[in-house]
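To keep things clear, I will list the structure first and then write my remarks on it.
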Amino acid sequence: MKSWTKYAYKIFCFIALSSLLANVTRAQQRPMTVAESSNFTATSRYADVMEFIRELQSQTSLIRVETLCLSTEGRAVPLIIIGNPVPSSPLALKTDKKLVVYFQANIHAGEVEGKEASLMLARDILLNSKLPYLDKLVILIAPIFNADGNEKISPNNRPDQAGPEKGVGVRHNGQNLDLNRDSMKLESPELQGLVQNVLMRWDPVLLVDCHTTDGSYHEEPVTFCWGLNPDGDASIIKYQREKMVPDIIKTLAEKYNTLSIPYGDFRDFRNPEKGWEAYSHQPRFMTNYITLRNRLAILNENYNHADFKTRVLGCYNLLFAILDYCHGHSEEISYLVAEADRKTIQKGLSPTSQDAFGVEFEIKPLPEKVTVQGWEMEVIPREGTWPEIKKTDKKRTLIMPYFADYLPKRSVPFPYAYLLPGADSEVIKKLLQHGLILEKLTKTATLEVESFRLKEVKASERLFQGHRTNEVKGEYSVEQREFPTGTIVVMTAQPLGNLAAYLLEPESDDGLLVWNFFDRYLVPQWGRELGIYPVYRLLKSMNLAKEILR
Ligand SMILES: [Zn+2]
């Protein structure tokens with residue numbers, strides 16, 4: 001070889017080797033979240049999240065990304081799908097027994113540790129082939145559910161929260177809506193996308209919704225709770241409360257060295273021993289909504305006074321402990337949710353007097369007490385407002401009743417079907433958005449039904465999420481009524497039968513009547529009387545001439 005050729009050859013070899021080495025180094029480089037690379041002083045922006053996901057995609061074929069929704073401000077909200085092999089669509093899972101679980105973070109975009117923790121979890125599962133999960137699980141992650149809220153990062157948001165010091169996003173989405181109050185009215189692209197592109201498309205057996213607490217002082221960095229609405233399947237609530245949550249608390253302590261307690265707040269800061277109370281039962285809260293859909297749900301709330309790193313790592317450990325549980329109990333969970341669907345259909349096919357549906361609820365303590373590592377509190381009275389509550393340095397172990405059992409105070413008989421003769425297009429659209437099966441009468445039918453005559457309609461004085469929510473009183477009466485061809489029929493014998501009832505019952509405390517979908521029909525065109533609620537309850541099973549509404 002001539003000397004210049006030798007020289008060129010050497011240069012070529014050097015470039016080729018350098019490029020190979022660079023690729024190897026790059027392939028071995030694990031992407032870091034903004035939380036990690038900033039030493040937990042900052043949180044990821046939307047572009048950081050998308051870049052992190054792209055980096056994972058460049059390193060492994062076990063990940064795919066779908067779009068959960070397009071946010072109000074035009075951001076494509078990513079839904080990460082992790083599997084081995086990664087399913088190209090839910091159809092690929094039809095012959096596969098794998099469980100689909102769904103982790104969601106940043107619904108309140110000031111509460112950001114779930115976003116960082118779920119990205120770290122995705123990376124560590126994808127790039128560590130020794131972890132066992134993917135033989136039994138497909139993991140879906142929406143790390144930045146409220147992308148629009150996330151981008152309004154400011155150190156002034158959530159001033160009582162311990163970091164990250166460079167700031168966090170805001171609670172509301174791009175429409176100024178709280179997404180954790182939108183599950184029944186589905187007014188946001190995020191919730192509509194969740195129902196359509198996650199729940200209906202992938203049917204995850206479990207939803208985990210990550211938040212940060214706002215109130216009580218305690219030592220445990222991680223708190224979490226199950227779905228609480230008692231109109232959901234009782235065996236799912238019992239399973240989560242008595243088996244799954246205690247087991248995960250134990251795993252967190254023993255395997256991940258992380259203290260956790262069931263989520264709650266002191267009922268009375270001045271007398272903490274009066275009890276520890278979980279959150280509301282209403283299905284506007286996503287985890288309760290999931291319970292009405294016969295699936296498992298976990299509300300995760302990390303302790304807002306713990307520093308950001310502790311919160312991120314606490315949440316990260318919780319997500320792993322949840323995966324451990326699902327991996328170890330996948331057949332049991334599959335059976336549980338399939339049974340819940342079967343029982344709901346069975347109940348709707350021939351409802352009995354035992355099949356009551358709660359419309360008013362009260363909260364009771366569970367048989368077991370809860371132990372919380374708290375502090376002595378100082379209560380400082382303030383003129384004309386609530387007293388200031390301050391924590392002292394004196395630790396105090398509190399063993400308290402845990403109020404987390406909602407029971408119906410008043411119920412109505414569970415019906416066979418609901419009949420909507422008016423066929424209001426907005427109502428139909430909403431019911432279909434939830435994934436309910438709707439049918440319509442193909443022949444006029446005279447039926448004995450129960451109607452609800454309104455006696456009082458009270459719109460809330462204070463606006464809530466853009467609504468003056470309704471509270472109603474009225475009387476039921478049984479009547480023979482003719483329903484024309486085209487009347488919408490919502491059978492309760494469907495997997496979402498409990499959700500159908502919660503949306504359509506006249507006295508439901510979180511149904512479509514509450515959220516103003518029936519406002520036009522509550523008062524007749526003439527006279528001073530109030531109207532009849534335009535949804536009729538058919539109590540007994542009956543052969544109806546009908547067809548599926550498409
Ligand atoms: Zn929250």
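No lab work stands behind these numbers, since they all come straight from the coordinates. Worth saying up front: this structure is predicted, and the values here are computed from it rather than measured. Glycine also receives a Cβ, built like all others from the backbone with ideal geometry; neighbour counts cover every protein chain displayed.
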Tell me which trypsin sites (Lys or Arg not before Pro) from region 358-419 have a DSSP coil assignment and no more than 10 other beta carbons within 10 Å of their own.
382
Using alpha-carbon pairs under 8 Å, 6+ residues apart, how would you state the relative contact order of the chain in percent?
13 percent
Taking only Cα atoms, what is the 0 to 90° angle, nearest 10, from helix 330-349's long axis to the longest principal axis of the chain?
20 degrees
Take the alpha-carbon centre of region 215-242, take the same for region 485-522, and report the distance between them in whole Å.
27 Å
DSSP loop trypsin sites (Lys or Arg not before Pro) in region 436-499 with at most 15 other Cβ atoms within 10 Å of their Cβ, which ones?
443, 462, 468
Two pseudo-spin positions, 7 Å from Cα along C-beta at residue 39 and at residue 267, lie apart in nanometres by 4.6 nm
Scalar couplings 3J(HN,Hα) for region 424-439 by Karplus 6.51 cos²θ - 1.76 cosθ + 1.60 (θ = phi - 60°), nearest whole Hz, x for Gly and Pro, are 4, 5, 5, 5, 4, 4, 5, 5, 5, 4, 6, x, 6, 8, 10, 10
Quick check on the chain: of the DSSP beta bridges with both residues there, what percent are antiparallel, nearest 5%?
75 percent
Please give the helix 308-328 orientation as an angle from the longest Cα principal axis of the chain, in degrees from 0 to 90, rounded to the nearest 10.
70 degrees
Full-stretch length increase - residue 342, residue 124 - with 0.36 nm per residue and alpha-carbon distance subtracted
74.8 nm
About its Cα centre, how strong a charge dipole does region 336-441 have in debye, to the nearest 20, once Lys and Arg get +1 and Asp and Glu get -1 at the Cβ?
180 debye
Note: residue 473 to residue 334 extended length (0.36 nm per residue) minus current alpha-carbon separation gives 46.0 nm
How far, in degrees from 0 to 90, does helix 245-254 lean away from the longest principal axis of the Cα atoms of the chain, to the nearest 10?
20 degrees
Loop by DSSP (not H, G, I, E, B), at most 16 other beta-carbon atoms within 10 Å: where is the longest site-free stretch of the chain for GluC sites (Glu not before Pro)?
220-382
Within region 54-107, list the trypsin sites (Lys or Arg not before Pro) lying in a DSSP loop whose Cβ has at most 11 other Cβ atoms in a 10 Å radius.
94, 97
Modelled label-to-label distance, residue 152 and residue 442, 7 Å Cα→beta-carbon offset: nm?
5.1 nm
Arrange the following residues from fewest to most other Cβ atoms within 10 Å of their Cβ: 207, 140, 441, 349.
349, 441, 140, 207
